[in-house]
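Data first, discussion second: the structure below is written as structure tokens.
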Amino acid sequence: MPRRLLNQKDITIIEAKRILERLKEEELGEFQRRTLAFTTKFSKTTHARAERLMKELTEKAKLSQAEAIQVANCMPRTKEELRTILTTKGKAVATDQLEEILRLVSQAAREG
């Protein structure tokens, strides 16, 4: 039976992990098992902290939802790492905005 897309939403790595962990091991296909292993290995924070960070990044730092997700996934520590994530399509990010984003990321990393 063909599969059909019911809903599409950008999510963080930790959210993908959370979704897959709700399923029983025998319900997971090979692709889902590999995805769970990847998300387990590369999750950098908790779901609650990622959600809170994304909210702050969109409200305070004026990032798009997609940009906030990438920042929450990577949890950059330096301006150079952050620029790599945010500098796309010729869009430059001001140094003061980078510093604010790094402050928010650092705060989220210290929590918990």
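Read-outs throughout are calculated quantities, based only on the coordinates presented, and are distinct from any laboratory measurement. Remember, predicted model here, so these are calculated numbers, not experimental data. Note that we place each Cβ from the backbone using ideal geometry, even for glycine, and neighbour counts take in every protein chain shown.
When the stretch 102-112 is limited to residues that are closer than 14 Å to THR78 by Cβ and either in contact with an Asp or Glu (Cβ under 6 Å, 6 or more places away or on another chain) or small (Gly, Ala, Ser) (or both), the one that is surrounded by the most Cβ atoms within 10 Å (Cβ to Cβ) turns out to be ALA109.
Filtering the stretch 88-101 to residues that are within 15 Å of GLN70 (Cα to Cα) and exposed (fewer than 12 other Cβ atoms within 10 Å of the Cβ) leaves only THR88. The number of residues in the stretch 17-64 that are of a type in the set (A, V, I, L, M) and either more than 30 Å from LYS91 (Cα to Cα) or over 16 Å from the mean Cα position of the chain (by Cα) (or both) comes to 6.
Summed over the stretch 54-77, residues that are without any contact (Cβ under 8 Å) to a residue 12 or more places away in the chain and either assigned to a loop (DSSP other than H, G, I, E, B) or among the small types (Gly, Ala, Ser) (or both) total 1.
When SER106 is tested against (1) closer than 18 Å to ILE13 by Cα; (2) polar (S, T, N, Q); (3) not in a loop (DSSP other than H, G, I, E, B), just one condition goes unmet, and that condition is (1). Does any residue of the stretch 88-96 turn out to be more than 25 Å from GLN8 (Cβ to Cβ), of a type in the set (A, V, I, L, M, F, W, C) and in contact (Cβ under 8 Å) with a residue 24 or more places away in the chain? Within the stretch 88-96, none of the residues are more than 25 Å from GLN8 (Cβ to Cβ), of a type in the set (A, V, I, L, M, F, W, C) and in contact (Cβ under 8 Å) with a residue 24 or more places away in the chain. ALA72 passes every criterion in (1) closer than 18 Å to ARG110 by Cα; (2) hydrophobic (A, V, I, L, M, F, W, C); (3) out of contact with any helix residue (DSSP H, G or I) (no Cβ under 6 Å at 6 or more places or on another chain) apart from (3).
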